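First up is the structure itself, then whatever we jot down about it.
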Amino acid sequence: MPGALPGWLTRSGGEADVGSCGMERGAVSAAARGGAGGDVASLLDSLEGLDGSRLPHALEEAASAMGMSGMSILLADLQERFLLAWPDDGSEPVVIDGTLPGRVFQRGTPARDGSGRWWFPVGDGHQRLGVLAVGLSSEDPEGLRRGGRLATMAGL
């Protein structure tokens with residue numbers, strides 16, 4: 001079993017709620033719904049400046065506001081054998097070889113599992129980092145595009 005996530009990937013100061021993501025509480029939800037003068041593109045653009053410890057919470061709120069459910073981010077360990085939850089939620093690591101999330105990580109192509117969750121590759125433009133999963137109600141092209149953008153933001 002792999003070790004703990006590196007310090008720069010972990011939350012500091014205990015549990016952080018969505019309101020501590022560096023934006024006014026509810027601003028992510030309002031922008032995702034098109035309110036408060038924002039749209040999805042400006043919402044996702046606003047996430048770029050967040051530090052790593054706050055990003056998962058802001059992405060989760062954005063996913064929820066866009067009608068996606070159960071967002072999770074899994075990052076690869078240094079040996080690229082396991083995918084680990086980020087932030088650490090105590091769940092078991094996912095083996096990369098032979099699993100759908102692992103295949104998405106290795107191939108860099110989104111895929112849907114049997115429960116309706118879509119898995120998107122997370123990278124920083126040059127390197128594979130992990131995967132992001134969200135529940136989508138259908139194969140709506142706009143929802144898939146938004147899921148891909150969330151995965152891109154997770155890699156920044």
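Here, each number is a calculation from the coordinates, and none is a lab measurement. Predicted, not measured: the structure shown is a model, and the values here were computed from it. With ideal geometry, Cβ positions are generated from the backbone for all residues, glycine too; neighbour counts draw on all protein chains shown.
With an 8 Å Cα cut-off and a minimum separation of 6 or more residues, compute the relative contact order for segment 52-102 in percent. Walk me through the intermediate numbers first.
Details: 48 pairs, mean separation 12.0, N = 51.
This gives 23 percent for segment 52-102.
Taking R0 as 22 Å, what's the FRET efficiency between LEU100 and SER69 from their Cβ-Cβ distance, rounded to 0.05?
Numbers: r = 18 Å, r/R0 = 0.81.
FRET efficiency, LEU100 to SER69: 0.80.
Based on the Cβ-Cβ distance from GLU80 to ARG145, what FRET efficiency comes out when R0 is 25 Å, to the nearest 0.05? Mind showing how you got there, number by number?
Working: r = 27 Å, r/R0 = 1.09.
Once rounded, the FRET efficiency stands at 0.35.
Could you work out the per residue convex hull volume over the alpha carbons of segment 95-156, in cubic angstrom?
Working: hull volume 4.6 nm³, N = 62.
Taking only Cα atoms, segment 95-156 has a hull volume of 74 Å³ per residue.
Below 13 angstrom from the Cβ of PHE105, what's the summed charge of the other residues (Lys, Arg +1; Asp, Glu -1)?
Numbers: positive: ARG81, ARG103, ARG107, ARG128; negative: ASP77, GLU80, ASP97.
With Lys, Arg at +1 and Asp, Glu at -1, the neighbours total +1.
Mind ordering 98-106, 111-119 by average Cβ neighbours within 10 Å, highest first?
On the way: 98-106: 18.3, 111-119: 15.0.
In descending order of packing, they fall as 98-106, 111-119.
Using just the Cα positions, wrap segment 37-156 in a convex hull and report its mean projected area in square nanometres, one decimal place. Each step should come with its number before you reach the end.
Values: hull surface 29.7 nm².
Value for segment 37-156: 7.4 nm².
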